[in-house]
1. If you go through region 37-80 one residue at a time, how many are assigned to a strand (DSSP E or B) and surrounded by 19 or more Cβ atoms within 10 Å (Cβ to Cβ)?
2. Conditions: (1) modelled with pLDDT under 95; (2) over 26 Å from residue 281 (Cα atoms); (3) touching a helix residue (DSSP H, G or I) at 6+ places or on another chain (Cβ under 8 Å). Residue 389 meets all but one. Number of the miss?
3. Which one of these is over 27 Å from residue 3 (Cα atoms), buried (at least 16 other Cβ atoms within 10 Å of the Cβ) and either over 24 Å from the mean Cα position of the chain (by Cα) or assigned by TED's automatic domain parsing to the domain that holds residue 16 (or both): 309, 408?
4. Based on this model, can you work out whether residue 116 counts as modelled with pLDDT of 95 or more, outside any loop (DSSP other than H, G, I, E, B), under 15 Å from residue 180 (Cα atoms) and not assigned by TED's automatic domain parsing to the domain that holds residue 347?
5. Tell me yes or no: at least one residue of region 92-108 is out of contact with any helix residue (DSSP H, G or I) (no Cβ under 9 Å at 6 or more places or on another chain), more than 28 Å from residue 227 (Cβ to Cβ) and modelled with pLDDT of 95 or more.
6. Do any residues in region 359-386 that are in the same structural domain as residue 333 (by TED's automatic domain parsing) have Cβ atoms under 6 Å from those of residues that are at pLDDT 95 or above and exposed (fewer than 13 other Cβ atoms within 10 Å of the Cβ), where the two are at least six apart or on different chains, and which pairs are they?
């Protein structure tokens, strides 16, 4: 068991340029898609995290040849449905909901039962949302629990296209069905509530037959399966979800400036920029470009005198779902009462983040009013802490850990923050970057 992080000093003002680790969503999707391509695919700046390592381990168990070099990762693919299935095969998705749900979509042809497991946190999450539509394709599932891991999947030779209505705004569910459609003859039709669209963009870039019609609240997606595609190289841009912690840290300090280089700012992921700017931040995007269909830019942020409260539009929820914990921290320092609603999905992540986020705010003296899908945060612009705070037994959620570190460095007090190892799942270099910015901890 690793020692907790101890912080008893606020961070000093800084003016820095930093580079953040590769985007996790794109890293996992690249690996899964490269395993189905024909030829050698290379990824540069692939995220070196446990979630990505879990993806690579699962693909290797399925017979995919993967070579990891110092500067890149190479995957050699042999086309659709090229996995080699051994009997009594177990795949471990670790902590990754993205991997766990998406890889099921690639297993709809497996001739034997394949067991899928995950860590304690992932084993509590809902898998029925992908199990039910994958059953419609013809896959069979065997479970001891109704909707969670562990589970067994056994595919079928007679996969059939489906019509699927995704109502939660879950990119993982949508992507799992799209990956299943790759291996399905005919056209699969998906009506999906708005969510991140990395998979659709990848399909387009690889010239996989896909048609997308964007409506106001839903997207209509048509995938024609059984079409092989060539290998592809990818320079993974930096992760907006990881960048978010340093954006808010800068806003909460005085006389600080920060530039974050080459960040993926896909509109389905960059809701935090819109939300913080509505709160009075003046975040500027520089050196904008399009890379393989994704919007990339440098983020420039500087401290401001005060943030203002927000009645956050629900339309921004899907594009900021992984960033709300750190947004709540910004609201804690804002002038007025901020209101965030329709966030029940937040309690279905690695931990019940809506509930635990509110609890941490209460611990630092911020009043909240919490329901099962909303939170009101009564901001205190002049908050300064001089008490002891201990963050422990929060289900080893990496975003809870990082939120707590930013709070300690911004608000003061003496903090004991446990579960340092949790950041290995998504952002192993988090504390290294904190040190580069001048943060001190033990």
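1. Restricting attention to region 37-80, the residues satisfying the condition of being assigned to a strand (DSSP E or B) are 38-44, 65-68, 72-78.
Among the residues that remain, those that are also surrounded by 19 or more Cβ atoms within 10 Å (Cβ to Cβ) are: 41-43, 73, 75, 77.
So the count comes out to 6.
2. (1)
3. Numbers: 408 fails: over 27 Å from residue 3 (Cα atoms).
None of the other options fit; the residue is 309.
4. Working: modelled with pLDDT of 95 or more: yes; outside any loop (DSSP other than H, G, I, E, B): yes; under 15 Å from residue 180 (Cα atoms): no; not assigned by TED's automatic domain parsing to the domain that holds residue 347: yes.
No; evaluated as a whole, the condition is false for this residue.
5. Of all residues in region 92-108, those out of contact with any helix residue (DSSP H, G or I) (no Cβ under 9 Å at 6 or more places or on another chain) come to none.
Among the residues of region 92-108, not one is out of contact with any helix residue (DSSP H, G or I) (no Cβ under 9 Å at 6 or more places or on another chain), more than 28 Å from residue 227 (Cβ to Cβ) and modelled with pLDDT of 95 or more, which makes the answer no.
6. Sorted first by the residue in region 359-386, then by its partner, the pairs are 376/369.
A quick yes/no check of all residues on (1) within 22 Å of residue 318 (Cβ to Cβ); (2) modelled with pLDDT under 95; (3) buried (at least 23 other Cβ atoms within 10 Å of the Cβ):
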| residue | (1), (2), (3) |
| --- | --- |
| 141 | no, no, no |
| 150 | no, no, no |
| 161 | no, no, no |
| 170 | yes, yes, yes |
| 173 | yes, no, yes |
| 176 | yes, no, yes |
| 179 | yes, no, yes |
| 182 | no, no, yes |
| 185 | no, no, no |
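Table: residues versus (1) over 18 Å from residue 251 (Cβ atoms); (2) surrounded by fewer than 21 Cβ atoms within 10 Å (Cβ to Cβ).
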| residue | (1), (2) |
| --- | --- |
| 377 | no, no |
| 380 | no, yes |
| 384 | no, yes |
| 390 | yes, yes |
| 398 | yes, no |
| 420 | yes, yes |
| 435 | yes, yes |
| 438 | no, yes |
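The values are calculated or read from the model by the stated rules, or taken from the named source; none is laboratory data. All values derive from a computational prediction rather than experimental measurement. Backbone-built Cβ (ideal geometry, glycine too); neighbour counts: all protein chains shown.
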